[in-house]
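Report on one structure; see the data block that follows.
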Amino acid sequence: MAAAENSMIYIIDDDSSVREALEDLLASVSLRSRSFGSVQEFLDAELVDAPSCLVLDVRMPGQSGMDFLRRMPGLGLHLPTVVITGHGDIPMGVTAMKDGAIEFLTKPFRDQDLLDAIHLGIARDQARRAKDAAISELRERWATLTRGEQEVMQLVVRGLLNKQIAGALEVSEITVKVRRSHLMRKMGAQTLADLIRFYDRIHAA
């Protein structure tokens, strides 16, 4: 509930009456919103740093909602998106879902259906943001390791023993043990399994 109360819902629809109706609906359930008459207006705006969801109309002057939905990942926009339209059909709905929409609603739709989709979007964005924050923290920890500690970690997660790592790096086994102890502490890893999981997250594409 706290995440929903602190969230922001963005609305892109060229029909001012639709925007106003959606803003009123969201306000009635204590959800903040900002609305835009076009994709470009939205792109020109500064977004709030909070769990968010986008309600996107399909047909608009300039760039269409469907085109923008496809472009969003390339623009670094990862907002869960609810697509709405007054001219939808099944093939369009399938395309929207394939392009990443979490819901496709045809006007007129039930208020509760939209609210349910928005709450799902908020929950998904909150989870994404938490995951991104965790990965960012792990990368900061990785950056605190010395080059030698990073080299040891890279070989530890590959399953090499201390003796093998010492041979590969041409250092003593005692040096490997010291570096391994330091990197475990700096990374906040309690077990080898933790270390492997952290390494995979840090270096995930």
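With respect to Ala193, is the statement that it is of a type outside the set (S, T, N, Q) and either within 30 Å of Met8 (Cβ to Cβ) or in contact with a helix residue (DSSP H, G or I) (Cβ under 9 Å, 6 or more places away or on another chain) (or both) true?
Details: of a type outside the set (S, T, N, Q): yes; either within 30 Å of Met8 (Cβ to Cβ) or in contact with a helix residue (DSSP H, G or I) (Cβ under 9 Å, 6 or more places away or on another chain) (or both): no.
When the stated conditions are applied, Ala193 does not pass them.
Selection of segment 176-188 for residues being surrounded by 16 or more Cβ atoms within 10 Å (Cβ to Cβ) and aliphatic (A, V, I, L, M) yields Val176, Leu183, Met184, Met187. Restricting Leu43, Leu47, Leu77, Leu26 to residues that are within 16 Å of Ile102 (Cβ to Cβ) and of a type outside the set (Lys, Arg) narrows the list to Leu77. Return a yes/no flag: does segment 145-161 have any residue that is touching a residue at least 60 places away in the same chain (Cβ under 8 Å) and either farther than 15 Å from Ile202 by Cα or under 27 Å from the mean Cα position of the chain (by Cα) (or both). Looking through segment 145-161, none of the residues is touching a residue at least 60 places away in the same chain (Cβ under 8 Å) and either farther than 15 Å from Ile202 by Cα or under 27 Å from the mean Cα position of the chain (by Cα) (or both).
Conditions tested, residue by residue: (1) outside the structural domain of Tyr10 (by TED's automatic domain parsing); (2) under 19 Å from Val48 (Cα atoms); (3) basic (Lys, Arg).
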| position | (1), (2), (3) |
| --- | --- |
| His87 | no, no, no |
| Val94 | no, no, no |
| Arg110 | no, no, yes |
| Ile118 | no, yes, no |
| Ala127 | no, yes, no |
| Arg139 | yes, no, yes |
| Gln150 | yes, no, no |
| Met153 | yes, no, no |
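Of the listed requirements (1) of a type outside the set (Phe, Trp, Tyr); (2) under 30 Å from Asp67 (Cβ atoms); (3) surrounded by 12 or more Cβ atoms within 10 Å (Cβ to Cβ), Leu195 misses just one: (2).
Output the residue which, of all residues in segment 90-126 that are of a type outside the set (A, V, I, L, M, F, W, C) and closer than 20 Å to Asn6 by Cβ, is surrounded by the most Cβ atoms within 10 Å (Cβ to Cβ).
Step one: filter segment 90-126 for residues of a type outside the set (A, V, I, L, M, F, W, C), giving 91, 93, 95, 98-100, 103, 106-108, 110-113, 116, 119, 121, 124-126.
Then keep just the ones that are closer than 20 Å to Asn6 by Cβ; that gives 116, 119, 121, 124-126.
Numbers: Asp116: 13, His119: 17, Gly121: 24, Arg124: 16, Asp125: 21, Gln126: 19.
The selected residue is Gly121.
Just so you know, in segment 1-17 the residues that are among the aliphatic types (A, V, I, L, M) and at pLDDT below 95 include one that is farthest from Leu105 (Cα to Cα), and it is Ala2.
Is it the case that Glu173 is modelled with pLDDT of 95 or more, of a type in the set (Asp, Glu) and exposed (fewer than 15 other Cβ atoms within 10 Å of the Cβ)?
So Glu173 passes the test.
As for segment 17-29, it holds no residue that is among the aliphatic types (A, V, I, L, M), assigned to a helix (DSSP H, G or I) and under 17 Å from the mean Cα position of the chain (by Cα).
State all residues of segment 190-205 that are over 14 Å from Ile135 (Cα atoms) and not β-branched (Val, Ile, Thr); if no residue qualifies, say none. Answer for segment 190-205, where residues must be over 14 Å from Ile135 (Cα atoms) and not β-branched (Val, Ile, Thr): Gln190, Leu192, Ala193. Can you find even one residue in segment 127-139 that is of a type in the set (D, E, K, R), within 24 Å of Leu26 (Cβ to Cβ) and either out of contact with any Cys (no Cβ under 8 Å at 6 or more places or on another chain) or surrounded by 13 or more Cβ atoms within 10 Å (Cβ to Cβ) (or both)? There is at least one residue in segment 127-139 that is of a type in the set (D, E, K, R), within 24 Å of Leu26 (Cβ to Cβ) and either out of contact with any Cys (no Cβ under 8 Å at 6 or more places or on another chain) or surrounded by 13 or more Cβ atoms within 10 Å (Cβ to Cβ) (or both).
Can you find, within segment 6-21, the residue that is surrounded by the fewest Cβ atoms within 10 Å (Cβ to Cβ) among those that are within 19 Å of Pro80 (Cα to Cα) and out of contact with any Leu (no Cβ under 8 Å at 6 or more places or on another chain)?
The first filter runs over segment 6-21 and keeps only residues within 19 Å of Pro80 (Cα to Cα), leaving 6-13, 19.
Now restrict to residues that are out of contact with any Leu (no Cβ under 8 Å at 6 or more places or on another chain): 6, 19.
Values: Asn6: 13, Arg19: 20.
The extreme case among them is Asn6.
The values are calculated or read from the model by the stated rules, or taken from the named source; none is laboratory data. These figures come from a predicted structure and were not determined experimentally. Because the Cβ atoms are built from the backbone with ideal geometry, glycine has one as well, and the counts that use them run over all protein chains shown.
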